[in-house]
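Structure record follows, encoded as structure tokens.
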Amino acid sequence: MSEQLVVSSGETPLTTRSLRILAPLKADTSGRIEVRIEDGAAEAQLSWESREATLVPNREAFIAAALLPAMQMQADLQVDAPVSQLFLESLERVQDMYRSWDDSLSRITVRGARPVVRVAGSGARAAVFFSGGLDSFYTLLKHREEITDLILIHGFEIPLDDHTTFERARAVVHGAANRLQKNVIEVRTDVRNYLSTRGLRWGRWAHGPALASVAHLIHPAISRIYISATHTYAALEQWGSHPLLDPLWSTEGLEFVHDGAEATRIDKARALAAQEWPLPLLRVCAEKSDGLNCGRCEKCIRTMINLLLAGALDRATTFEAPLDPGRVARLRFRSDSTRLFAIENLAVLGRSGEHADITRALRTAVNRSEQRRLAREMTRDAWPTGYAMLRGIRDAFLKPRGARWQ
């Protein structure tokens, strides 16, 4: 038996596009929820699976997963099922935020929803999405007395076919959980593949709703979910996890908390250094490597500088390569976020008056990045048509990267 989540794009269904999502009433015997998406003649499937938690299908989870594609398609959501009243009311502001970031997205309406009040289960717990990085470690340490569960997702940061890297991440998460006597909930899902292959940028937009879909499926076992901040309040930008956006995914029985935006990455490194034991478990690397962290990619180097400034780099033994000024000078910042992190590190290095070789190298990389940014802005202002064409070519080459999660 199944219920339907139907996305229709207007009042004349015979001539307009529709997206239909067929969802089960409960997980199968292996703990797997599989949703079939019918888009005209095409068909796709989304799935979530967990052996540690009982996943409970609900329309909040499926609306979160389908909202951005629906806005992209200019399609309304027809649910014909119970949905949290608070969640429904908040969707207007969710759409306000996304449309302020991209005016090509259309406002859509959720039709057929029967508003209900969701309640937390008896003995409901608090959880954090945990990857073993600076952000999630900081939130875990800050709320260690309240948090009972660490949620590790396979299929978001780590592709589903990369079992080696996932096992390393799994060892880190279980190591932290054992140290603090917490539960671990592992969830395997292909939601990222669905969103990314539609051209929805993962970090900038799509990962927030994807996280929300996972949390709603674990409710009512949890009543509060912490999402660790990527940026500080002083450096907010378009990002799928945002202090104004995350709480809007809440229901009456499940609270979403955006946490840690008061702290810089250096503050977070200092918090880990003060505890000592997290340093051998720290995992930040975005590249495949033989160990936890390659020590050569931008994210590794950025974090190594954080740890250097926190006086803890010599105790962080999970980086394969040492912090090298030559590699620092050659860094390329491919997003505003990574450039801002570098500027933050450079400012603290300058105030410290120490580590002159790293300071010079990072200043070289930042100055080169600023020159490229100014060149892009001049091209955009002087030649808007050509700039748009070049951006289109770039996006066409970047889009296939989403297939890595297929």
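Of the lysine pairs in the chain, how many meet both conditions: Cα atoms under 30 Å apart, and a spacing of 8 or more in sequence or different chains?
Lysine pairs meeting both conditions in the chain amount to 13.
Could you give the angle, 0 to 90 degrees to the nearest 10, between helix 207-218's Cα long axis and the longest principal axis of the Cα atoms of the chain?
60 degrees
Would you calculate the volume per residue, in Å³, of the smallest convex hull containing every Cα atom of the chain? Numbers along the way, then the final one.
Numbers: hull volume 59.9 nm³, N = 406.
Normalising the Cα hull of the chain by residue number yields 147 Å³.
Using Cα pairs under 8 angstrom and six or more residues apart, how large is the relative contact order of the chain, in percent?
Values: 733 pairs, mean separation 57.9, N = 406.
This gives 14 percent for the chain.
Using only Cα atoms and rounding to the nearest 10 degrees, what angle (0 to 90) does helix 59-73 make with the longest principal axis of the chain?
Here the helix axis deviates by roughly 80 degrees.
If I model a spin label at residue 383 and residue 171 as a point 7 Å from the Cα along the Cα→Cβ vector, what separation in nanometres do I get?
Here the modelled spin labels are 5.1 nm apart.
Which one, 358, 307, 66, projects farthest toward the positive side of the charge dipole computed for the chain from Cβ point charges (K/R +1, D/E -1)?
358
Would you mind working out the magnitude of the charge dipole of the range 125-259 relative to its Cα centre, with +1 at each Lys and Arg C-beta and -1 at each Asp and Glu C-beta, to the nearest 20 Debye?
Working: 13 positive and 15 negative charges, 27 e Å.
My answer is approximately 140 debye.
Please compute the length gained on full extension between residue 100 and residue 275, using 0.36 nm multiplied by the number of residues separating them and subtracting their Cα-Cα distance.
Details: separation 175, 0.36 × 175 = 63.00 nm, distance 4.06 nm.
Full extension of this stretch gives 58.9 nm more.
Hey, what number do you get for the chain at 222 nm if only DSSP H runs of n ≥ 4 count, each worth -39500 (n - 2.57), divided across all residues, to the nearest 500?
On the way: 12 runs with 164 residues, N = 406.
That calculation yields -13000 deg cm²/dmol at 222 nm.
Which residue, chosen from 277, 119, 33, occupies the Cα position most advanced towards the positive end of the dipole of the chain, where the dipole is computed from +1 (Lys, Arg) and -1 (Asp, Glu) charges on Cβ about the Cα centre?
277
May I ask you to work out the translational diffusion coefficient for the range 140-256 at 20 °C, viscosity 1.002 mPa s, via Stokes-Einstein with Rh from the Kirkwood sum over Cα pairs, reported in whole µm²/s?
140 µm²/s
For residue 347 and residue 74, what is the calculated FRET efficiency with R₀ set at 41 Å and r taken between the beta-carbons, to the nearest 0.05? It would help to have the intermediate numbers written out before the result.
Details: r = 43 Å, r/R0 = 1.06.
So the FRET efficiency works out to roughly 0.40.
Readers should treat all values here as calculations from the given coordinates under stated rules, not as data from a laboratory. It should be emphasised that the depicted structure is a prediction, and the values quoted were computed from it without experimental measurement. For neighbour counting, all protein chains shown are included, and Cβ atoms are generated from backbone atoms with ideal geometry for every residue, glycine included.
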